1. Toward the positive end of the charge dipole of the chain, about the Cα centre and with charges on Cβ (Lys, Arg +1; Asp, Glu -1), which of ALA105, PHE67, ALA375 goes farthest?
2. Find the relative contact order for region 369-457 and round it to a whole percent, using C-alpha pairs within less than 8 Å whose residues are 6+ positions apart.
3. Highest mean first, how do 197-209, 361-373, 428-440 rank when packing is the count of other Cβ atoms within 10 Å averaged over residues?
4. Of the chain, which part is the longest with no GluC sites (Glu not before Pro) in a loop (DSSP not H, G, I, E, B) and with at most 16 other C-beta atoms within 10 angstrom?
5. Can you sort THR265, THR178, THR443 by 1.4 Å-probe accessible area, starting with the largest?
6. In terms of solvent-accessible area of protein heavy atoms at a 1.4 angstrom probe, what is the ranking of SER213, SER220, highest value first?
7. Charges on Cβ only, +1 for Lys and Arg, -1 for Asp and Glu, centred on the Cα centroid of the chain; of MET239, TYR444, VAL327, which one is farthest towards the dipole's positive end?
8. Can you say what percent of the DSSP beta bridges in the chain, counting only those with both residues inside, are antiparallel? Round to 5.
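The values are calculated or read from the model by the stated rules, or taken from the named source; none is laboratory data. None of these values were measured; they are calculated from a predicted model. Ideal geometry is used to build each Cβ from the backbone, glycine not excepted, and the neighbour counts take in all protein chains shown. Side chains included, ligands, DNA and RNA excluded: accessible areas come from the protein's heavy atoms. Shrake-Rupley method; radii C 1.70, N 1.55, O 1.52, S 1.80 Å.
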Amino acid sequence: MSMFIKLLKLVFVLGFSGFLMACGSSDSTEDLAEDLAEVEPITPVVEDTVMDPVEPTAPTVAGQILFEQDIAQDIAQSTPTEINLPLGLQATLDIEYLGAFRALAGGDSSSDYAVGILGHNPDNNSLFMVGHSHHNSIAEFAIPDEFSLAEEASDILKADVLQEFVSILDKRDIGQQTNRIDGILFYKQNLLVTSEIWYDAAGTNKDNLQVFSNPNDLASSSFKGMLQIQGGARSAGYMSKIPANLVSTLGSEYLVGWASNHSITSRYSQGPSLNLFNPQDAVDADITVDNTVAVEAKMVFPFEDGKQIVADSNSYKLDISPIWGPVSKAKYGFIIPGTSLFMAVGSHGGIHSGIGYKITQDNGNLCGGPCTYEADDNYNYFWLFDVNDMLTAEDPWLVQPISYGKWSHPYDKAGKHNILGASYDDATSTLYMSLSNAGQVGTYDRPPLILAYKVKAN
């Protein structure tokens with residue numbers, strides 16, 4: 001590591017330690033002294049058994065399945081024809097990369113700088129996608145019969161547009177208007193949309209759910225909102241269907257969850273959450289009588305000490321856990337049919353260089369908030385949890401992932417194009433993920449790419 005980066009870290013720890021302790025950080029003076037004594041990157045220690053990375057064996061989904069290679073500083077970049085699949089996923093699931101397509105639409109928004117939240121429509125074999133963050137709009141794209149393995153974004157096929165972007169967050173009869181769409185679920189000819197206030201400094205907003213009765217024509221659809229999913233920002237995000245093999249065990253057909261993905265982290269779950277809920281409650285709700293949609297938390301990591309997924313997961317420091325940290329995001333979560341595995345996908349950073357607040361990175365970039373000391377110390381990531389652990393845990397914040405690590409995707413340029421959203425089609429076992437700005441073909445356009453993976457039980 002260069003002397004420049006070492007000096008930056010030294011200045012940060014000395015100058016910012018008082019601020020951290022004033023904000024409730026549990027870092028002690030002794031801890032800071034240890035940081036000063038060791039300014040080289042701290043190699044994350046993988047807890048529990050590290051299995052043979054050469055020939056992963058089928059796991060017994062009881063303990064952790066971890067590989068040092070999955071959190072190594074340098075991992076091979078996946079290409080459309082050479083996929084570097086994490087060993088933790090190879091050991092637990094059957095995954096195949098299918099290809100990519102572009103999703104470009106106009107209307108009330110555009111695909112450029114898209115929020116990229118996705119929702120699958122099984123009736124049309126299509127994807128709903130959220131457009132530019134300023135417009136709060138949703139478009140619908142037909143999923144192509146075949147996907148592209150082209151190297152260049154300009155050669156990747158475009159999906160047919162079924163609906164241009166339509167603004168939806170202004171369509172409410174009761175409740176406070178939100179400004180960031182977090183989740184989309186197609187349910188029995190209805191479209192459920194979760195949302196939040198991106199910078200809710202007081203953390204008091206509870207209005208987070210709309211229901212549209214005609215997903216095929218969002219522009220003229222009747223609507224219901226705002227409803228309130230219990231748990232607020234800790235729960236009202238991604239939504240997905242629970243596989244048939246676990247419906248009776250969990251007592252629910254759907255889950256909803258979220259994580260510390262936007263500003264004001266104290267209102268969020270400090271790691272991906274899983275809550276059981278019934279979408280029919282939202283469809284049937286008389287909003288003038290009761291606008292609450294009940295949930296049952298099976299996994300959640302509140303901000304309070306002792307309840308986070310790892311201790312001090314929100315602290316800006318040098319030794320960032322490979323499980324979770326201040327810049328981690330879990331954008332989608334679902335249970336793989338035929339298994340008890342809950343997968344969350346998103347991004348992580350800082351486990352090799354640490355994270356500071358409003359620092360200057362090694363490439364000269366001045367950050368406006370928390371960021372990694374080294375600009376390249378960011379990556380797309382996966383987390384696997386065992387549902388059985390959720391069922392036996394004394395508290396929903398005691399659940400730990402059984403596997404996690406970097407997941408290099410084609411076109412993601414070593415994590416520079418991060419996962420924005422995802423959706424799983426259980427009928428075809430296909431996971432769709434959107435990659436930020438990866439569909440760029442000109443000087444100023446910044447649309448995402450949609451990648452498709454076959455994800456099944458091993």
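1. The one lying farthest along the dipole's positive direction is ALA105.
2. 21 percent
3. Most protected by this proxy first, the peptides run 428-440, 197-209, 361-373.
4. Free of exposed loop sites, the longest segment is 153-303.
5. THR443, THR265, THR178
6. Sorted descending by solvent-accessible area, the residues read SER220, SER213.
7. Most positive-ward Cα: TYR444.
8. 95 percent
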